[in-house]
Amino acid sequence: MKMLIPDFDLILFGGTGDLSLRKLLPALLARFRAGDFPDSFRLICVGHRVMKSEEFIQLVTEQCSQYIPQTGFELKEWQKFCAHMSYLGMDARAAESYVTLRQLVRPDVVRVFYLSTPPALFLPICENLRQSDMINPEARVVLEKPLGHNLETARRINAEVGSCFSEDQIFRIDHYLGKEAVQNLLALRFGNVLFEPLWRREWVQDVQITIAEDIGVGTRAGFYEGAGALRDMLQNHLLQLLCIIAMEPPLSIAPDAVRDEKLKVLKALQKFDEAAVAQKTVRGQYRKGVLSGKSVPGYLEEPGVAAESRTETYVAMVAEINTWRWNGVPFFLRTGKRMAERRAEILVRFKDVPHSIFTEHASHLVPNHLLISLQPDEGVSLGLMAKTPGDGIRLHPVELGLDFAEAFKKPRMDAYERLLLDVLRGQLTLFMRGDELEAAWNWVDPVLGIWSASADEPRPYSAGTWGPPAASALLSRYGSQWREEI
């Protein structure tokens, strides 16, 4: 049953930015076309450029059309959507600029302030919204990453935004939590009895979480040089996926019930010292190579990258969770750019059967596994052993697969579409709480500090490969292999 969306004004700061044009406006259009929005909703896009609303709409029409599937871009529907849209050019730091904005927002509807801006603008925007009396009990603020550079800056963001908005009004967005397969992981774990008895150290050998990109740093060198793969991807996306895999069953699907359990996982992560960083982490940096038959440059040759940069474009590390359920089970996390293919997935590998009766075919036996694919396709597959057809008993691995698009015959909703609907409904389950954010940084910070103090360079790997050889050696010390090597 479709939940009704209340009437709303969505004020999008950074309305002319890349994220707005590529993701947010196309996601809002899709939900508008699906009939999810009330007839009188309004979208106010805010940017620093001075232009009329008509000019802005012409700009976004030209830019957004390339990010909307042809089947989803119909001029008449787009024009109807744009009729709800206006633009305001203003200085987000200047209090006087908010006089006009206050005149535009309506007093009796849900107000969503979406901050698709650098974190340095979070405080001035929130403070000016507060001083201009635009934050009412129905107001919400959405924060896009990066949510801090380290624990200290994350705490500062929490304190600054928290001085203007209550915690239940703050939506820290992580688009990976909006993916269909991630939410199906919740359903898989807590809506079925099948896996729970096996979801523990007695039966799980290890867990691999991978987010691999085939693209390079592109035009983001200015941001990426100060971030790197650990801050950009692992501290948020991979750790959130880890929490959902490892958390205890919550009392309900209520926001704080789920987020309380995720926080327990983050607090139970084994901290890193200098010896552990040397033994359990690998950082790499891509060199020139070949992808899809084309030569691509190395990271140091990308525009805007310092000639002697030590910024990592690849990270692999072992996370260990000090709980009764997971003690002794390694969680292998990796992310990187310019890798062999674009892939995001979670692989749960189970242990061997305690005693095999198929001793003659022992070399063919493969432990069971559960593969949750997040991108490019979303689905779940279970790896089992089955008898091959014919005389005698010979076992062979087979996959029982669930393709969500094929199984449900429904259009797949984009992650931002789903999360924007949750913001409008005031549903916080799929958004990070402030203490979650700080706990994640608290675990990552020692690694960043030790890397920074070390004279070691990131390990090189060729573009189009799966990362430096040291990442394979890391798993081999635990008697394991990455999925593509199995």
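The values are calculated or read from the model by the stated rules, or taken from the named source; none is laboratory data. Every value quoted in this text rests on a predicted model; they were computed, and no experiment measured them. Quick reminder, even Gly has a Cβ in these numbers, built from the backbone with ideal geometry, and neighbours come from all protein chains shown. Ligands, DNA and RNA are stripped out before the accessible areas are found, and what is left, the full protein with its side chains, is counted by its heavy atoms. Shrake-Rupley method; radii C 1.70, N 1.55, O 1.52, S 1.80 Å.
Odds and ends about this structure:
- Computed over the chain, relative contact order equals 18 percent, with contacts defined as Cα pairs under 8 Å that lie 6+ residues apart.
- Carbon and sulfur %, accessible surface of the chain computed with the full protein complex present, 1.4 Å: 54 percent
- Summing charges over all other residues whose Cβ lies under 12 Å from the Cβ of G336, with Lys and Arg as +1 and Asp and Glu as -1, gives +2.
- Cα-projected label distance for A95 with A275, points at 7 Å along beta-carbon direction, nm: 5.6 nm
- Here each label is just a point 7 Å from Cα along the line to Cβ, and for M51 and L19 those points are 2.0 nm apart.
- Counted residue by residue at 0.36 nm each, then reduced by the alpha carbon distance between them, the extension gain from F358 to E399 reaches 12.8 nm.
- Across the alpha-carbon set of segment 50-146, the Rg to Rh ratio works out to 1.00, Rh being the Kirkwood radius.
- Cysteines without a disulfide-compatible partner [the chain; Cβ-Cβ under 4.7 Å]: C45, C64, C82, C243
- Whole-number accessible area per residue in Å² for segment 362-404, which is evaluated in the context of all protein chains at 1.4 Å: 56 Å²
- Distance-filtered residues of segment 375-415 - backbone nitrogen under 13 Å, label point 7 angstrom along N192 Cα→Cβ: 379-384, 400-404
- For segment 348-357, the Karplus equation 6.51 cos²θ - 1.76 cosθ + 1.60, evaluated at θ = phi - 60°, returns couplings of 9, 9, 8, 6, 5, 4, x, 8, 9, 8 Hz by residue, with Gly and Pro reported as x.
- Computed Kirkwood radius, in angstrom, where 1/r is averaged over Cα pairs of segment 338-414: 14.8 Å
- Tail fraction, Cα-Cα pairs, segment 130-185, threshold 14 Å, whole percent: 63 percent
- Across the alpha-carbon atoms of segment 386-431, the computed radius of gyration and Dmax are 20.4, 60 angstrom.
- Built amide H within the under 5 Å cut-off of S462, gap 5+: R287
- Whole-angstrom Cα spans of segment 27-101 along principal axes, big to small: 42, 26, 17
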